[in-house]
Amino acid sequence: MPDVKVNKERCKGCELCIVFCPKHSLELSAKFNSKGYHYPEFSHPDTCTGCAICGRMCPEVALEIYK
Ligand code: SF4
Ligand code: SF4
């Protein structure tokens, strides 16, 4: 099963990764990082295909995808 690692301290909370994930595998956390941004959580690994669209969309390079 693919894995998506979120570097939450790099995240600026833009939600691009969440919006562009075709499988709805990411959800915005209710928690904040140290800069005060909500960051994504990899909450549905069961639907993830490892396509890496989320990682390519992230302007902060905060996501690592493992197939
Ligand atoms: S790798 Fe693809 S399917 Fe998995 S969370 Fe990222 S965008 Fe969604
Ligand atoms: S695209 Fe990057 S900066 Fe934007 S919410 Fe997702 S992880 Fe955070």
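The values are calculated or read from the model by the stated rules, or taken from the named source; none is laboratory data. Because the structure is predicted, anything quoted here is derived from the model rather than measured. Every residue, glycine as well, gets a Cβ built from its backbone with ideal geometry; the counts of neighbours run over all protein chains shown.
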Yes or no: Cys58 near ligand 2 (Cβ under 8 Å from one of its atoms), at pLDDT 95 or above and in contact with a strand residue (DSSP E or B) (Cβ under 6 Å, 6 or more places away or on another chain)? no
Next on the checklist: Among the residues that make up the range 35-49, is at least one of them in contact with a helix residue (DSSP H, G or I) (Cβ under 8 Å, 6 or more places away or on another chain), surrounded by 12 or more Cβ atoms within 10 Å (Cβ to Cβ) and free of Cβ contacts under 8 Å to residues at least 24 places away in the same chain?
Outcome noted: no
Going through (1) exposed (fewer than 12 other Cβ atoms within 10 Å of the Cβ); (2) touching a Gly at 6+ places or on another chain (Cβ under 6 Å); (3) free of Cβ contacts under 8 Å to residues at least 40 places away in the same chain one by one, Lys67 fails only at (3)
